[in-house]
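What follows is a single structure, written as structure tokens, with notes after it.
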Amino acid sequence: GFLVRIAAKLNGRGVRTFRMDHRGTGAAVGLAQFPYHAGRSEDIRAALNCMGEMCPESPLAVAGFSLSGNMTLKLVGELPADVPAALDRAVAVNPPIDLTLCTTHMERPPSHLYGKHFTKLLCQQLREQPRLLADSVLERSSRPPRTLREFDELFTAPKAGFASADDYYTRSSASQFVPQIRVPTLILTSRDDPLVPPAPFESLELSSAVTLHIADAGGHLGY
């Protein structure tokens with residue numbers, strides 16, 4: 001819903017918008033062999049390159065929300081020289097830039113309620129996509145995962161080629177890439193976000209191209 005509202009506001013200002021469906025979501029349900037995850041910045045790069053070919057005279061901007069915000073920051077910071085040439089600016093809203101910290105945070109009250117809900121939702125989505133679930137550790141598990149870490153340990157990490165959930169979190173967390181960002185980038189988060197704690201942003205090393213705003217309120221994407 002919030003993506004539709006933001007797109008409408010941009011359209012009202014004469015800005016063309018595209019929405020990207022991650023692997024296995026939206027129009028991509030049933031098409032992907034491997035899952036999307038917080039480190040799939042190459043998927044965003046491919047989408048931006050496609051948009052650049054479709055609209056060769058237009059500057060590009062990318063906005064990522066929540067997990068997609070982490071992917072966006074990883075995109076513009078991990079390989080700065082490989083960022084699409086037409087990319088003019090980037091925005092990341094409530095990005096979980098420290099995946100280990102965020103996952104641990106969502107195992108503790110009261111945020112554990114969100115963690116349980118998301119884990120249940122992810123398992124439900126997988127049951128509806130046998131192609132993604134096939135040949136996974138999760139498919140052979142005797143019980144469903146109860147936390148996001150368990151889900152990532154049983155499914156995301158092995159299915160996406162990581163050694164473990166910790167390996168996935170370490171390699172995919174965007175905080176390590178922010179100092180290398182060259183594209184003008186805004187990071188917006190809030191102190192009362194129940195999913196993404198403010199601590200990693202308060203010690204985040206910023207490049208001169210990055211502006212960070214920590215709002216006092218706004219929750220998770222509730223501005």
When the label point is put 7 Å from the Cα of residue 203 along its Cα-to-beta-carbon vector, which residues of the stretch 83-114 have a backbone N closer than 20 Å?
95-108
If I histogram all Cα-Cα distances within the chain using bins 10 Å wide from 0, what percent of pairs lands in each bin?
8, 31, 38, 20, 3, 0
Residue 190's amide H: which non-local residues (gap 5+, or another chain) put their own amide H closer than 5 Å, with H modeled 1.01 Å from N in plane and none for Pro or chain starts?
215
Per the charge dipole of the stretch 156-223 (beta-carbon charges, Lys/Arg positive, Asp/Glu negative, Cα centre), the residue among 160, 215, 204 reaching farthest to the positive end is 160
Sort 68-74, 95-101, 200-206, 9-15 for me by packing, meaning the mean count of neighbouring Cβ atoms within 10 Å per residue, highest on top.
68-74, 95-101, 200-206, 9-15
Quick one: pull the percent of accessible area on the chain belonging to carbon and sulfur, 1.4 Å probe, ligands and nucleic acids left out.
54
Mean residue ellipticity (222 nm) of the chain, computed from DSSP H runs ≥ 4 via -39,500 (n - 2.57), nearest 500
-10500 deg cm²/dmol
Ellipsoid equivalent to the stretch 1-90 - semi-axes via the Cα gyration tensor, in Å:
20, 18, 13
Solvent exposure, largest accessible area first (probe 1.4 Å, DNA, RNA and ligands not counted), of 147, 119, 211
211, 147, 119
Compute the distance from the alpha-carbon center of the stretch 199-219 to that of the stretch 53-77, in whole Å.
18
How much accessible area per residue does the stretch 116-190 have, counting only protein heavy atoms and a probe of 1.4 Å, in square angstrom?
54
Calculate, for residue 215 and residue 2, the FRET efficiency according to 1/(1 + (r/R0)^6) with r their C-beta to C-beta distance and R0 22 Å; round to the nearest 0.05.
0.90
Binned at 10 Å starting from 0, the alpha-carbon pair-distance distribution of the stretch 100-183 in whole percents comes out as 17, 42, 30, 10, 1
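Would you please put 180-186, 125-131, 138-144 in order of how densely packed they are, using the mean number of other Cβ atoms within 10 angstrom per residue and starting with the highest?
Peptide ranking by packing, descending: 180-186, 125-131, 138-144.
Let me have the relative contact order for the stretch 114-177, percent, based on Cα pairs under 8 Å that are six or more residues apart.
27
The values are calculated or read from the model by the stated rules, or taken from the named source; none is laboratory data. In this text, all values refer to a predicted model and were calculated from it rather than measured experimentally. Note that each Cβ is placed from the backbone with ideal geometry, even for glycine, and that neighbours are counted across all protein chains shown. Remember, those area values only see protein heavy atoms, side chains included, never the ligands or the DNA or RNA. Shrake-Rupley method; radii C 1.70, N 1.55, O 1.52, S 1.80 Å.
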